[in-house]
Amino acid sequence: MNNKEMSKRQMRREQIRRKEKQSRLIAIVLITLGALFLAFLIIYPNLKPVGNIVTPEQFSRPNADFNAAGDPNAPITITEYSDFQCPYCRIFFENTEALLMEKYVATGTVYFVYKSVGEFIGAESKAAAQAAYCAGDQGKFWEMHDILFSNQTGENVGAYADRRLEAFADAIGLDRDQYDECFSTSKYADLADQDAADATAAGIQATPSFILTYEVNGETQTRLLQGAQGIDIFTQEIEASLAEMGK
């Protein structure tokens, strides 16, 4: 083999080595960029500003107890099945709930219970429900309920990201150590899931839905109301139930 042929082989080997080195460098760069991108996706939610927090004006929930209000021995129980991300649930909260509390809950006619529907709209729905129940441990379920609805901005858009929920907890004056322990351990995940199971068992297919429960001659009766109804519709159904009971 002459020197010329050896030189050509050496050149080819060198070219191959350079290409392999280039490929390795490109692979390293791509892997590094991918890792940085993943790290950004993980870290960014914790760096993203929480934005403005709307603090709503509170209205009275008589005898508030965790996720309920009113007299447990009232002749009618109204159970709301709701989702904190549901715009129609927010409409009920803004337009009807305070009037219902004043007219029927405060007078001992209605015992009112709020239940979530788990992940009905998405993961943020369940997270918000758990945050409300954690606030309930400190006697502030309804304060969290109100601030959640007042800061609703869309479905699964980060309105109820963990940092936003923490900001709500601060805004309503929760003990953050107690709240963080409750939320981080998913203390109320099972309860949110049970709410959803109860809704399914009751035939609930939309939020908000309301089940009126009462007894006539020792037998349990129910009425179903769907949608963000006004106080007139609630008055009609409640008065009809009372008449059925002979009250």
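Read-outs: derived from the displayed coordinates by stated rules, not from any lab. As the structure is a prediction and not an experimental result, all values here were calculated from the model. Cβ placement follows ideal geometry from the backbone for every residue including glycine, while neighbour counts extend to all protein chains displayed.
Return Met101, Met245, Met144 ranked ascending by Cβ neighbour count within 10 Å, so the fewest neighbours appear first.
Values: Met101 21, Met245 14, Met144 26.
Starting with the residue having the fewest Cβ neighbours, the order is Met245, Met101, Met144.
Roughly what % of DSSP beta bridges within the range 68-245 run antiparallel, to the nearest 5? Numbers along the way, then the final one.
Values: 15 of 22 bridges.
Bridges in the range 68-245 are about 70 percent antiparallel.
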Relative exposure of Thr207, Thr79, Thr200, judged by other C-beta atoms within 10 Å (fewest first) = Thr200, Thr79, Thr207
Highest to lowest packing among 64-72, 135-143, scored as the average C-beta count within 10 Å = 135-143, 64-72
Have a look at Gly136, Phe84, Val110 and report the one farthest towards the positive end of the charge dipole of the chain, computed about the Cα centre with Cβ charges (Lys/Arg +1, Asp/Glu -1).
-> Phe84
Please work out the Cα center distance from the range 168-247 to the range 64-121, rounded to the nearest Å.
-> 6 Å
Flagged links, alpha-carbon separation over 26 Å, of Lys103/Lys187; Lys103/Lys126; Lys140/Lys187 = Lys103/Lys187; Lys103/Lys126
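How big is the dipole moment of the chain about its Cα centre under a simple scheme where the beta carbon of each Lys and Arg is +1, that of each Asp and Glu is -1, and everything else is neutral? Debye, nearest 20, please. Let's see the in-between values first.
Details: 23 positive and 34 negative charges, 632 e Å.
Approximately 3040 debye in magnitude.
What do you get for Rg/Rh of the chain when both radii come from the Cα atoms and Rh is the Kirkwood radius? Write down the numbers at each step before the final one.
Details: Rg = 28.4 Å, Rh = 21.2 Å.
The Rg/Rh ratio comes out at 1.34.
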Label point distance in nm, Leu242-Asp162, each placed 7 Å from Cα along Cα→Cβ = 4.8 nm
Rounded to the nearest 0.05, what FRET efficiency is calculated for Asp232 and Thr200 with R0 set to 30 Å and r the Cβ-Cβ distance?
-> 0.55
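Based on other C-beta atoms within 10 Å, arrange Ser82, Ser60 from fewest to most.
Numbers: Ser82 28, Ser60 12.
Neighbour counts put them in this order, fewest first: Ser60, Ser82.
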